[in-house]
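Notes follow once the structure below has been shown.
The values are calculated or read from the model by the stated rules, or taken from the named source; none is laboratory data. Small disclaimer: the values here were computed from a predicted structure and weren't measured. Here the Cβ is made from the backbone with ideal geometry for all residues, glycine too, and neighbour counts use every protein chain on show.
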Amino acid sequence: MILKRLSILNYRNIAEAELEFSPKINCLVGHNGEGKTNVLDAIYFLSLTKSMANSVDSMNIRHGEELMMVQGIYDLNGTEEEISIGMKMHQKKHVKRNKKEYKRLTEHIGLLPIIIASPNDSTIISGGSDERRRLMDIVISQYDADYMTALTTYNKALQQRNALLKADEEPDEGIMGVYEEMMAESGERIYRKRQAFVEEFIPVFQHFYSLISGGDEAVSLTYTSHCQRGALLDIIRRDRQKDRIVGYSLHGIHKDDLEMSLGGYPIKREGSQGQNKTYMISLKLAQFDFLKRTGSKTTPLLLLDDIFDKLDAQRVEQIVNLVASDAFGQIFITDTNREHLDKILERTKGEYKIFMVENGNIE
């Protein structure tokens, strides 16, 4: 898959832009806060119909404006596709494929597979388990529509059960049972899909970490879930009274986690800044490889947002040589250092374009 052209109108700090991209490497260079990441966010928005920065769509409309529009022209396995997303303030967004609006946004997810690595990914290691579940969800949902359906069903049932647990009056036994059965059935489907994903994902992740680090450090992932203790329905019902006391559901796949280790110890505790960064980038490259093989049978877009900070020169060069190889497709890289980027790109001997970004203007 190739993003040939990108049109932006009033998206975040970008008033207007018409960009034509290289089919291989595209670099956006500029100081922090000038709008480099906003270009990547617009590309991400077209793939997943949501911003990676703002969960509220209207917050992506440029200050002082009433509407925004992002449009991409793609070459998708030899077929040209036009995807556009537009919205006016206080109105819902409209997502269109070849000028025809989707009835459900879930129909679009997976058409344009995408992976982004950014400084915000550090929370996957340092943050709560929800960040690590999201890592799994973002990949699996792009190649498995049933996963998204199960996840939506589970989250709705969880929300309803939690509302009953918080209520002053004693919950109706029958209604509570229905929500618990919905959680158990959809939760076990999600568990099986996550488990299969992690088993296949681990060796790919370890391979990329070894390539970038030079092979001297051992890393691993361990998937943990309440489903590993037995039937999920029994586990959920067993502690219903305790759940009533705290006011929310203590057990279920919404508590799943990925334990991340370096040399047999938690990387959160043991890893240096460079090791943590290498760990995160390896996770992202493994996600890319997984999507390429299991998704919509097209090569995903890879977005690398300011990833070179905290890495030594050898690891930076290894990453660039990796992503510039034939194993990867079209890549978008942001960096503040033009000279540094030029030297690396010259060594790749591949095709690339460089865009200068200043105060939302792109040349």
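What is the one condition in (1) under 30 Å from residue 301 (Cα atoms); (2) β-branched (Val, Ile, Thr); (3) touching a helix residue (DSSP H, G or I) at 6+ places or on another chain (Cβ under 7 Å) that residue 236 does not satisfy?
(1)
Answer yes or no as to whether residue 79 is in contact (Cβ under 8 Å) with a residue 24 or more places away in the chain and either among the hydroxyl-bearing types (Ser, Thr, Tyr) or surrounded by fewer than 13 Cβ atoms within 10 Å (Cβ to Cβ) (or both).
In short, no.
If you take the residues in the range 183-237 that are in contact with a Ser or Thr (Cβ under 6 Å, 6 or more places away or on another chain) and within 24 Å of residue 160 (Cα to Cα), which one is surrounded by the fewest Cβ atoms within 10 Å (Cβ to Cβ)?
Among those residues, the one meeting the criterion is 191.
Give the number of residues within the range 163-176 that are part of a helix (DSSP H, G or I) and either surrounded by 15 or more Cβ atoms within 10 Å (Cβ to Cβ) or of a type in the set (Val, Ile, Thr) (or both).
Taking the range 163-176 first, the residues part of a helix (DSSP H, G or I) are 163-166, 173-176.
Now drop any that are not either surrounded by 15 or more Cβ atoms within 10 Å (Cβ to Cβ) or of a type in the set (Val, Ile, Thr) (or both), which leaves 164-165, 175-176.
Count: 4.
May I ask you to list the residues in the range 7-53 that are assigned to a strand (DSSP E or B) and surrounded by fewer than 22 Cβ atoms within 10 Å (Cβ to Cβ)?
Hits for the range 7-53 are 7, 9, 10, 15, 16, 17, 18, 19, 20, 29.
Working only within the range 96-121, note down all residues that are touching a residue at least 12 places away in the same chain (Cβ under 8 Å), over 28 Å from residue 306 (Cβ atoms) and not basic (Lys, Arg).
Selection gives 98, 105, 106.
Restricting the search to the range 316-360, which residues are within 29 Å of residue 204 (Cβ to Cβ) and either free of Cβ contacts under 8 Å to residues at least 24 places away in the same chain or among the polar types (S, T, N, Q) (or both)?
Matches in the range 316-360: 318, 321, 325, 326, 330, 334, 348, 349.
Considering only residues that are farther than 18 Å from residue 71 by Cα and of a type in the set (Gly, Ala, Ser), which ones fall in the range 103-121?
Once the filter is applied, which keeps residues that are farther than 18 Å from residue 71 by Cα and of a type in the set (Gly, Ala, Ser), the range 103-121 yields 117, 118.
From the set of residues in the range 128-141 that are touching a residue at least 60 places away in the same chain (Cβ under 8 Å) and closer than 13 Å to residue 287 by Cβ, which is surrounded by the most Cβ atoms within 10 Å (Cβ to Cβ)?
Of everything passing the filter in the range 128-141, 139 is surrounded by the most Cβ atoms within 10 Å (Cβ to Cβ).
Answer yes or no as to whether residue 144 is of a type in the set (Asp, Glu), in contact (Cβ under 8 Å) with a residue 40 or more places away in the chain and touching a Gly at 6+ places or on another chain (Cβ under 9 Å).
Answer is yes for this residue.
Checking the conditions here, which among 106, 153 is among the β-branched types (Val, Ile, Thr), assigned by TED's automatic domain parsing to the domain that holds residue 302 and assigned to a helix (DSSP H, G or I)?
The unique qualifying residue is 106.
Could you check the range 267-291 and list, in sequence order, the residues that are of a type in the set (Phe, Trp, Tyr) and over 21 Å from the mean Cα position of the chain (by Cα)?
Step one: filter the range 267-291 for residues of a type in the set (Phe, Trp, Tyr), giving 279, 288, 290.
Passing the criteria: none in range.
Restricting attention to helices (runs of 4 or more DSSP H) lying wholly within the range 252-363, give those where 3 or more residues are in the same structural domain as residue 15 (by TED's automatic domain parsing) and surrounded by 14 or more Cβ atoms within 10 Å (Cβ to Cβ).
313-323, 338-348
Within the range 21-38, identify whether any single residue is over 17 Å from residue 301 (Cα atoms), within 21 Å of the chain's Cα centre (by Cα) and at pLDDT below 95, and answer yes or no.
For the range 21-38, residues over 17 Å from residue 301 (Cα atoms), within 21 Å of the chain's Cα centre (by Cα) and at pLDDT below 95: present.
Is it the case that residue 277 is touching a strand residue (DSSP E or B) at 6+ places or on another chain (Cβ under 8 Å) and not hydroxyl-bearing (Ser, Thr, Tyr)?
no
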